[in-house]
Amino acid sequence: MTSATRSSPDPDPAAGFRPHRVVVLALDGLLPFELGIPHRIFGRPRDALRRHLYEVVTCSVRPPGPVETDADFAIHVAHGPEALADADTVIVPASYELGPVYDEGVLTDELAAALARIRPGTRLASICTGVYVLAAAGLLDGRPATTHWADAERLQRLFPKVEVDPDVLFIDDGDVLTSAGVAAGIDLCLHIVRRDHGAAVANDVARRTVVPPHRDGGQAQYIARPVPDPQQASTTTARAWALGRLHEPIQLRDMAAQEAMSIRTFTRRFREETGVSPGQWLTQQRVERARHLLESTDRTVDQVARDAGFGTAQSMRQHLQAALGVTPTAYRRTFRTDRHKGAAVRT
């Protein structure tokens, strides 16, 4: 006599789910625009079950109450420093009233007590002058960091143990990330989303935020001529032309020909407009194309390499390893879109 066995029910996809908790530390003198960046970027991503991938909480170093901004209004912050104890990521936006932190490189007792609540291993990030808080806490000693280019020299002078790079948009040093000012904070937060959930999720957030999906962290902060002279030709046509044929070999002379410029003039103009050389820009675009294909298609690594313009799997592997620190196979395994596993999808 045979006995019937009951099949095990499918595992509950909601079991054990917890969104990544991002806590934003609001300090007096904060810039409202930069305070809003983490909420805008991390508040968008959802998984296939429509669950928010991040929970964003704003806290103060004091009990709940008003926090002054650099504008003509204050904001009410509903959480005190205890919120830092449960953070997975802590972000410190810019402030223009850091007092002894900015003037002398030392924390106030109130700020030191708040930071002491952060658990070891919590990811830390700063936007613009928020880096002074991390530096004053000794969290950047011997590590690379950046801030707004206008503050970089002062940061280096005040904190000689920090390896300040004034020329980049942001720096990812693993568990500590720092960015330049204003819009670079958007780049940093998108980079974190991309690191956590892949290019497709980050690109969708960027589209909904109406910003470029990716600016490489090593791109220059300050471009000598950010608004090209309208009387001079730009390189926009060449970039659009190249994006349409990334799978083909693209020579510098061919890009210059699209603008009817000499190679020398084109290269100079290109760097003025984008902050990187044509070769660096092409590599960035091909890496992004490869990421998209690895996430969203079943093409083999060899096919992705050809379609992204790297030619060979070995070449693509080298470029992804340099840009992302992972192999194509490892990247696909981490970020492959799979709705049955609750992978991140569009909001």
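Once region 185-202 is narrowed to residues that are of a type outside the set (A, V, I, L, M) and open to solvent by 30 Å² or more (accessible area, probe 1.4 Å), the residue that is nearest to the chain's Cα centre (by Cα) is H191.
Figure legend. Inter-residue proximity from region 171-182: first residues surrounded by fewer than 18 Cβ atoms within 10 Å (Cβ to Cβ), second residues in a loop (DSSP other than H, G, I, E, B), beta-carbon distance below 6 Å, spacing 6+ or different chains. Indicated pairs: D173/R143. R207 meets the conditions (1) open to solvent by less than 30 Å² (accessible area, probe 1.4 Å); (2) modelled with pLDDT under 90 in every case but one. The failed one is (1). Considering region 111-199, the qualifying helices (runs of 4 or more DSSP H), each wholly inside and each with 2 or more residues that are assigned by the TED database to the domain that holds I37 and modelled with pLDDT under 95, run over 149-158, 184-197. Note on region 47-110: enclosed strands (runs of 3 or more DSSP E) holding 3 or more residues that are buried (at least 20 other Cβ atoms within 10 Å of the Cβ) and in contact (Cβ under 8 Å) with a residue 60 or more places away in the chain are 89-92.
Here is a yes/no grid of residues against (1) open to solvent by less than 70 Å² (accessible area, probe 1.4 Å); (2) part of a helix (DSSP H, G or I); (3) of a type in the set (A, V, I, L, M, F, W, C):
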residue	(1), (2), (3)
E248	no, no, no
A260	no, no, yes
E272	yes, yes, no
T283	yes, yes, no
R286	yes, yes, no
E295	yes, yes, no
D307	yes, yes, no
Q314	no, yes, no
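Within region 234-246, being under 29 Å from V326 (Cα atoms) and open to solvent by less than 40 Å² (accessible area, probe 1.4 Å) holds for A242, L246.
The values are calculated or read from the model by the stated rules, or taken from the named source; none is laboratory data. Here the structure is a predicted model, which means the values were calculated and not measured. Reconstructed Cβ throughout: ideal geometry from the backbone, glycine too, with neighbour counts over all protein chains shown. Accessible surface is based on the protein model in full, side chains and every heavy atom, while ligands, DNA and RNA are left aside. Shrake-Rupley method; radii C 1.70, N 1.55, O 1.52, S 1.80 Å.
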